[in-house]
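> To start, I am sharing the structure in question, which I have written as structure tokens.
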């Protein structure tokens with residue numbers, strides 16, 4: 001297993017959502033299957049051979065991540081329509097200040113990325129339109145769920161990175177479709193931010209949802 005440089009989050013490590021999705025697939029994740037939870041132990045290395053066995057991902061002797069079944073139900077974020085998401089995205093904070101502008105998911109300097117730009121809603125949630133790429137698969141879905149939740153934490157002025165994410169997926173979005181991704185912060189505790197995110201199809205169907213913990217490095 002190898003994380004291509006294309007799927008970076010911070011410049012020197014994998015996007016947390018995409019990497020976690022790849023690790024979950026190694027553990028048996030599938031569309032319509034049980035929700036799995038991935039805990040990142042170190043930043044996922046790029047262009048490096050990784051191995052999976054017995055719920056653990058390793059780079060040599062280094063434990064990179066663990067994968068388990070998700071405990072409990074994963075709550076979803078209430079939907080908004082596409083015009084509302086487009087209006088929110090126009091005020092995406094990353095347009096003026098971005099900790100990782102080359103991020104595969106939400107980076108403003110990634111014309112080849114997912115271009116998910118979650119902007120603020122009046123109630124504190126985030127929303128973004130998402131044009132689904134032709135090569136959509138489970139890691140791409142996990143990636144699209146990652147940053148919209150994270151930006152609900154980033155809005156408090158601290159920088160966070162993904163520490164843990166659990167995802168349930170009922171269906172993959174259609175390539176080329178205009179979906180909406182919404183995020184919501186549910187709690188803050190010390191260096192931790194607990195967030196949710198959900199992807200909705202153009203017709204309003206809920207496709208996938210995530211529960212994540214983000215960690216402020218300092």
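> Can you tell which of 83, 101, 111 is surrounded by fewer than 19 Cβ atoms within 10 Å (Cβ to Cβ), touching a helix residue (DSSP H, G or I) at 6+ places or on another chain (Cβ under 9 Å), at pLDDT 95 or above and farther than 24 Å from residue 26 by Cβ?
Numbers: 83 fails: touching a helix residue (DSSP H, G or I) at 6+ places or on another chain (Cβ under 9 Å); 111 fails: touching a helix residue (DSSP H, G or I) at 6+ places or on another chain (Cβ under 9 Å).
Result: 101 is the single residue among 83, 101, 111 that is surrounded by fewer than 19 Cβ atoms within 10 Å (Cβ to Cβ), touching a helix residue (DSSP H, G or I) at 6+ places or on another chain (Cβ under 9 Å), at pLDDT 95 or above and farther than 24 Å from residue 26 by Cβ.
> Within the range 126-145, take every residue that is under 15 Å from the mean Cα position of the chain (by Cα) and in a loop (DSSP other than H, G, I, E, B) and give me the one that is farthest from residue 16 (Cα to Cα). Let's see the steps before the verdict.
First, pick out the residues of the range 126-145 that are under 15 Å from the mean Cα position of the chain (by Cα): 126-130, 132, 136-145.
Within this subset, residues satisfying the condition of being in a loop (DSSP other than H, G, I, E, B) are 132, 136-137.
Working: 132: 19, 136: 17, 137: 16 Å.
Applying the filter and picking the extreme gives 132.
> Hey, another quick one. So which of 10, 101, 45 ends up being at negative phi and without any contact (Cβ under 8 Å) to a residue 40 or more places away in the chain? If you could, list the steps in order and put the result at the bottom.
Working: 10 fails: without any contact (Cβ under 8 Å) to a residue 40 or more places away in the chain; 45 fails: without any contact (Cβ under 8 Å) to a residue 40 or more places away in the chain.
Of 10, 101, 45, the one residue that is at negative phi and without any contact (Cβ under 8 Å) to a residue 40 or more places away in the chain is 101.
Results for (1) surrounded by fewer than 24 Cβ atoms within 10 Å (Cβ to Cβ); (2) not in a loop (DSSP other than H, G, I, E, B), shown as yes or no for each residue.
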position	(1), (2)
1	yes, no
17	no, yes
24	no, yes
30	yes, no
33	yes, no
37	yes, yes
42	yes, no
52	yes, yes
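> Here's another thing I want to ask about it. Test each condition in (1) surrounded by fewer than 19 Cβ atoms within 10 Å (Cβ to Cβ); (2) at pLDDT 95 or above; (3) more than 16 Å from the chain's Cα centre (by Cα); (4) under 15 Å from residue 149 (Cα atoms) for residue 75 and report the one that comes out false.
(3)
> Hey, could you check the range 146-161 for residues that are at pLDDT 80 or above and within 14 Å of residue 215 (Cβ to Cβ) and say which is surrounded by the fewest Cβ atoms within 10 Å (Cβ to Cβ)? Write out each step before concluding.
Here is the first cut: in the range 146-161, the residues at pLDDT 80 or above are 146-153, 159-161.
Checking the rest, the ones that are also within 14 Å of residue 215 (Cβ to Cβ) come to 146, 149-150, 153, 159-161.
Working: 146: 34, 149: 33, 150: 31, 153: 23, 159: 14, 160: 22, 161: 17.
It comes out as 159.
> Return the pairs, sorted by first residue and then second, in which the second residue is crowded, with 21+ Cβ neighbours inside 10 Å and not in a loop (DSSP other than H, G, I, E, B), the first residue lies in the range 111-137 and is at positive phi and free of Cβ contacts under 8 Å to residues at least 60 places away in the same chain, the beta carbons are less than 8 Å apart, and the residues are 6+ apart or on different chains.
115/130
> Now, a different point. All but one of (1) surrounded by 24 or more Cβ atoms within 10 Å (Cβ to Cβ); (2) part of a helix (DSSP H, G or I) hold for residue 117; state the number of the condition that does not hold.
Evaluating residue 117 over (1) surrounded by 24 or more Cβ atoms within 10 Å (Cβ to Cβ); (2) part of a helix (DSSP H, G or I) leaves (2) as the failure.
> Hey, another quick one. Exactly one condition in (1) farther than 27 Å from residue 71 by Cβ; (2) surrounded by fewer than 22 Cβ atoms within 10 Å (Cβ to Cβ) is not met by residue 180; state its number.
Against the list (1) farther than 27 Å from residue 71 by Cβ; (2) surrounded by fewer than 22 Cβ atoms within 10 Å (Cβ to Cβ), residue 180 comes up short only on (2).
The values are calculated or read from the model by the stated rules, or taken from the named source; none is laboratory data. Computed from a prediction, not measured in an experiment: that's the story for all the values here. FYI the Cβ positions are ideal-geometry reconstructions off the backbone, even for glycines, and counts take in every protein chain you see.
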